[in-house]
1. Can you work out the Karplus-derived ³J(HN,Hα) for every residue in the stretch 592-600? Use 6.51 cos²θ - 1.76 cosθ + 1.60 with θ = phi - 60°, whole Hz, and x for glycine or proline.
2. What is the packing order of peptides 268-280, 48-60, 97-109, taking the mean over residues of other C-beta atoms within 10 Å and listing the highest first?
3. To the nearest 500 deg cm²/dmol, what mean residue ellipticity at 222 nm is calculated for the chain from DSSP H runs of n ≥ 4 alone, each contributing -39,500 (n - 2.57), summed and divided by the residues?
4. Over the stretch 394-519, what lengths in whole Å, largest first, do the semi-axes of the equivalent ellipsoid take, defined as the square roots of 5 times the eigenvalues of the alpha-carbon gyration tensor?
5. Can you give the accessible area of Lys21 in Å² (nearest 10), computed on protein heavy atoms with a 1.4 Å probe?
6. Can you give me the solvent accessible area of Asp320 with a 1.4 Å probe, rounded to the nearest 10 Å²?
7. Among Lys665/Lys748; Lys406/Lys440; Lys440/Lys665; Lys269/Lys748; Lys21/Lys581; Lys461/Lys665, which pairs are too far apart, with a Cα-Cα distance over 26 Å?
8. Taking the Cα atoms of the stretch 187-245, what is the range of coordinates along each of the three principal axes, in descending order and whole Å?
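The values are calculated or read from the model by the stated rules, or taken from the named source; none is laboratory data. Nothing here was measured: the structure is a model prediction, and the numbers come from that model. Because the Cβ atoms are built from the backbone with ideal geometry, glycine has one as well, and the counts that use them run over all protein chains shown. The area values use the complete protein model at the heavy-atom level, side chains included, leaving out ligands, DNA and RNA. Shrake-Rupley method; radii C 1.70, N 1.55, O 1.52, S 1.80 Å.
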Amino acid sequence: MAMDTSNLEPKGIQGLGKAIKRKEDARFIQGRGNYLDDIKLPGMIYMALVHSPYAHAKILNIDASEALKIPGVKAVITSKDLAAAGLSWIPTLAGDKQMVLADGKVLYQYQEVAAVYAETRQAAADGAAAVQVEYEPLPVVVDPYKATAPDAPVLREDLKGHMTGAHGPRRHDNHIWTWDVGSKDEAEKTLEKSEIRIKQHMVYPRSHPAPLEPCGCIGDMNPATGRLTVYMTTQAPHAIRTVLSLVTKIPENNIRVISPDIGGGFGNKVPVYPGYVCAIVGSIVLGVPVKWIETRTENLTTTGFARDFHMDVELGATKDGKVTALKVYTLADHGAFDAAADPSKYPAGLFSICTGSYDFQKAYAEVEAVYTNKAPGGVAYRCSFRVTEASYLIERSMDVLAHELKMDPAELRLKNFIQPSQFPYPSALGWTYDSGDYEKTLKVALERIGYAELRKEQAEKRAKGELMGIGISTFTEIVGAGPSKDFDILGIKMFDGAEIRVHPSGSAIVRAGTRHQGQGHETTWAQIVSEELGLDVDKIIVEEGDTDTAPYGLGTYASRSTPTAGGAMALGARRIREKAKKIAAHLLEVGESDVEWADKKFVVKGVPGKSVTMNEVAFAAYTNLPPGMEPGLETTYYYDPPNLTFPNGAYICVVDIDKGTGAVKVRRFVAIDDCGTIINPMIVEGQVHGGLTEGFAMAFMQEIAFDEQGNHLSSNFTDYLLPTALETPKWETGYTVTPSPHHPIGAKGVGESPTVGSPAAYVNAVVDALAHLGVRHIDMPITREKVWKVLRQAGVDSF
Ligand code: MCN
Ligand code: CUM
């Protein structure tokens with residue numbers, strides 16, 4: 001079979017807007033990726049964790065003697081051993097603290113209780129199974145509403161009696177924080193005066209990113225040099241290095257964090273997990289490299305949960321459908337430790353984008369976070385940090401309002417959109433939207449799907465007793481975590497760095513503080529530099545993930561890489577171009593003011609034939625400089641964006657429902673996205689396909705569920721379903737381009753838009769199909785069983 005070498009063919013200068021194949025795929029498709037589990041170090045041993053079978057229990061005794069008898073087992077540690085190193089509890093990114101190994105009691109099923117180190121992975125697993133733990137079960141709280149009750153079991157005894165938490169006063173013993181924004185008084189007064197008022201309760205269920213590669217870590221302390229190298233599946237290597245240094249007191253220059261190739265992150269690889277800490281501690285104590293990598297069940301039960309938002313919304317409007325005010329109360333189930341990666345200023349993440357694409361003059365949102373007997377929640381899953389919940393809330397609410405008004409949901413949206421002339425738009429809840437043309441994006445989507453004809457078809461089908469629905473979601477995203485004035489991680493300000501080095505022969509290496517997990521940075525960063533410097537895209541190598549070499553950066557999440565590092569790339573390249581221009585003038589023997597950058601070359605103004613390429617300038621930068629100029633052609637640029645970026649989209653979903661079985665079939669799904677200037681259309685298309693598929697899974701298939709005793713009911717892929725090609729609809733995508741006015745190349749992030757925007761479209765479509773039966777809302781996941789029940793309750797005949 002002939003090998004596809006198209007990836008290896010010279011591509012030339014391929015700047016913005018070119019759908020070139022991903023440079024990184026050449027190694028991935030040939031099995032040459034270097035993932036955590038591919039790394040094998042001399043003398044490396046393995047670690048396995050002991051997990052609790054109970055969701056809430058006192059630990060009476062831990063007996064490791066049988067485990068230690070197993071051949072190959074070297075050590076077993078518990079919380080007591082960590083306490084000796086001051087590491088039994090660690091700070092979370094959200095300002096809470098978290099047990100590393102259970103300290104006196106367990107707070108959720110599968111919580112980490114002990115770590116076992118052994119010569120082989122098998123021996124470590126056998127050792128973990130042989131550790132005897134005696135528990136005394138305690139009452140369990142799974143329902144967040146019950147956690148707020150005065151007689152609820154107190155979960156966090158370490159906080160008992162603490163009237164103040166990380167983000168203000170605490171209301172009850174399981175209270176974490178309450179955060180609000182906007183004017184409650186004004187919102188309430190306006191709602192009272194409004195002609196129409198709707199109320200709706202909706203739940204965004206707990207979900208999990210379930211990346212193909214689970215989380216893992218190799219701690220490698222070199223006792224001879226005192227240098228700690230940590231290989232870790234992390235989306236934010238530099239932030240991890242700083243936090244590690246602060247927690248362990250090892251000087252930061254003696255810590256090197258390497259985030260190797262990552263098989264999907266989706267937010268799962270943002271937080272710090274107990275396994276990471278135990279692998280590092282094990283290496284420090286034992287003086288050999290220690291590898292830990294999760295099983296699928298460990299990944300699904302203990303790491304990175306998202307959502308679990310229980311929302312009550314009130315929305316006011318005039319009789320003719322102008323929205324007046326929005327009021328939201330949300331109970332957020334954060335599990336046993338508040339491990340969310342929310343920046344401290346916004347404990348509820350960016351939920352305050354919940355006024356969406358609409359011109360609300362008055363709004364108020366309140367979020368109350370509580371502890372329950374579940375693994376740490378409130379973490380990320382392709383969410384832009386609570387924008388998924390916010391977007392779902394407002395897009396679902398607009399449909400409830402349309403239903404109440406008996407108005408077409410497209411018409412209602414068109415009536416309330418923020419207009420292009422209103423940008424930069426100050427939202428009632430404090431954001432300044434950078435740009436957008438919502439009406440245009442929706443109109444493109446309506447046209448593409450043939451909205452008017454579909455509505456006709458729906459009416460005809462309804463008359464025949466058939467069920468068909470059309471759901472719209474016209475969401476606004478908020479991405480790019482920066483600027484540093486608003487965002488930090490444990491005090492580390494949020495900006496991002498890019499380093500560009502142009503070699504004498506016209507190739508280059510580019511490094512960034514971001515860390516892709518499948519998003520294609522090795523290609524898109526090269527395209528930005530190719531565009532700005534006129535270098536061949538395949539002569540630009542992109543490196544991320546090694547803190548020894550990459551410039552400081554806060555990592556990849558919140559679709560921030562393009563807004564932050566993408567900006568740094570462009571501005572860094574432009575800075576290089578300024579120096580290059582001086583060298584070009586020298587080579588062309590003219591004054592600098594006579595030289596211009598045109599057609600990706602330096603040209604003498606008015607003399608098109610007289611020019612030099614960046615390749616020629618690069619060579620001269622090391623061989624033939626203007627007198628007195630420092631040699632070289634490289635820079636490191638730190639970019640602190642002035643604002644976030646606000647991508648948007650209009651998604652329309654068409655479903656057909658089987659009356660007999662309740663099965664929902666997504667017949668069509670049109671997604672028109674606007675992420676400003678597009679760097680690589682093929683990569684953006686891939687991002688959109690992936691995100692729409694994950695949104696589909698949340699809408700119809702997935703939920704991390706628990707029984708009353710806190711038993712985890714979704715601990716493997718037969719219970720927590722992943723969509724395959726068989727159930728995934730065919731996506732129809734398109735784009736409008738409204739550049740961000742403040743971003744150096746006008747680009748906005750896109751990585752999370754489809755998961756943020758799509759769930760409401762699916763649910764709106766299903767509810768629309770059933771609306772004439774009196775159905776106003778159905779919570780996700782919309783399973784066949786749920787729809788079947790709704791149909792039978794509504795008295796619909798199966799045939
Ligand atoms: N891009 C582009 N033009 C734009 C915007 C983006 O060509 N106008 C390109 C970017 O240059 C980048 C990709 O699209 O190659 C995604 O860019 P961006 O929106 O900046 O998002 P990030 O790179 O910061 O990626 C993070 C985002 C998040 S937060 C989650 S969660 C998620 C997502 O990306 N996780 C993913 N997409 C994922 N895709 C894969 N394959 N794997 C994951 O873990
Ligand atoms: Cu919100 S999941 Mo992504 O930001 O890594």
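1. Along the stretch 592-600, the couplings run 4, 5, 8, 9, 10, 8, 9, 6, 6 Hz.
2. 268-280, 97-109, 48-60
3. -8500 deg cm²/dmol
4. 43, 21, 15
5. The value for Lys21 is about 90 Å².
6. Here the residue's solvent-accessible area equals roughly 90 Å².
7. Violating the 26 Å limit, Cα to Cα: Lys665/Lys748; Lys440/Lys665; Lys21/Lys581.
8. Sorted from largest, the Cα extents of the stretch 187-245 read 75, 27, 12 Å.
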